[in-house]
1. Using only the alpha carbons of region 138-218, what is the convex hull's orientation-averaged projected area in square nanometres?
2. About the Cα centre of the chain, how large is the charge dipole given +1 on each Lys and Arg Cβ and -1 on each Asp and Glu Cβ? Please answer in debye to the nearest 20.
3. Kirkwood Rh, Cα Rg: Rg to Rh for region 2-152?
4. With a 10 Å radius around each residue's Cβ, average the other Cβ atoms per peptide and rank 4-14, 19-29, highest first.
5. Antiparallel versus total DSSP beta bridges in the chain: what percent is that, nearest 5?
6. So what are region 191-306's ellipsoid semi-axes, whole angstrom, largest first, if each one is the square root of 5 times an eigenvalue of the alpha-carbon gyration tensor?
7. Set the Förster radius R0 to 41 Å, insert the Cβ-Cβ distance between residue 285 and residue 159 as r into 1/(1 + (r/R0)^6), and round the FRET efficiency to 0.05.
8. What number do you get for region 63-130 when its Cα radius of gyration is normalised by 2.2 N^0.38 Å, N = residues?
Amino acid sequence: MELIRGWPGLRAVPRGCVVTVGAFDGLHLGHQALIDCARRHAAARGTHAMMLTFEPLPREFLQPDSPPARLTNFRERWRALEGSALGYLCVLRFDDRLRSLSGEDFAGALASACAASVVVVGHDFRFGRGGTATAETLAALGGRHGFEVDVVAPVCSGERISSTAVRVALASGEFAAAARLLGRPYTMRGRVARGEQLGRTLGFPTANLRLKRRRAPLGGIFAVRVHGVAQSPWPGVASLGTRPTVDGVEPWLETFLFDFAGDLYGREIEVEFVAKIRDEERFASLDALVEKMHQDAGEARRLLAI
């Protein structure tokens, strides 16, 4: 899969490709249905399938003071798409210029930039200035600009699958429900960075990940499994939040791997959330915090059956 940034980069994409367009936050089963549809069209035409998406996500740009919780940052989306057989991932910067395009202008840009043969969108797709154009609008515009539009119906698994439904499940600690919507367990991924090494001082050395998203979809203390440190997932306990006891500001995902010895700095790991233990809280002293951390570790071991 090749990464393309911005409209000019699309000149390198073979003409007549099949494009699926959307925010694709979470890459849940509904998004996967769009990707599969695009791949089928591409295979039938002997061409490539491409995902066209946005950074920041449109709602992050339009609601800067109250953005939706971000399910997947760019690295996580890229990794999740590596096995999707897409030929290209095109990322457009969502800004005032892009948001001001009319539906007609956006459809024209798709036609001129990559000469799309088919554009695949979800039933609830909206685009153009003010989000006034719909999937049906795009189908009509496609006829004028020379591309076919395939509108994919909602995907349901007891309920309509959506990024919002995944966010609700994660915020409630319902990880099995989130996994059903995603088609996989919920994880966060990144390279281990050096923090303030407070955990090491307290007897709980942690592998720390910067979240790289404006707002996380969950927070608290969790039983986790960590991928990328050994041949099989490694059990641990993780804290996701700002560390209020030490007046932290920036949110981190800090994971203590049980009975692990090794240097993980700079390594890319993936943290799978298994169960929520409790919410983050402020303690009166570091001693009280350490006592609770021991209790959390014991509970995580119980939940992970180790």
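Each reported figure results from applying straightforward, stated rules to the coordinates on display, with no laboratory input. The shown structure was predicted, so the numbers you read here are calculated from the model rather than taken from an experiment. As a convention, Cβ positions derive from the backbone with ideal geometry for all residues, glycine included, and neighbour counts pool all protein chains shown.
1. Answer in nm², one decimal: 9.1.
2. With Lys and Arg at +1 and Asp and Glu at -1, about 560 debye.
3. Here Rg/Rh amounts to 0.93.
4. 19-29, 4-14
5. Around 60 percent antiparallel, to the nearest 5.
6. Largest first, region 191-306 gives 19, 17, 14 Å.
7. 0.40
8. 1.31
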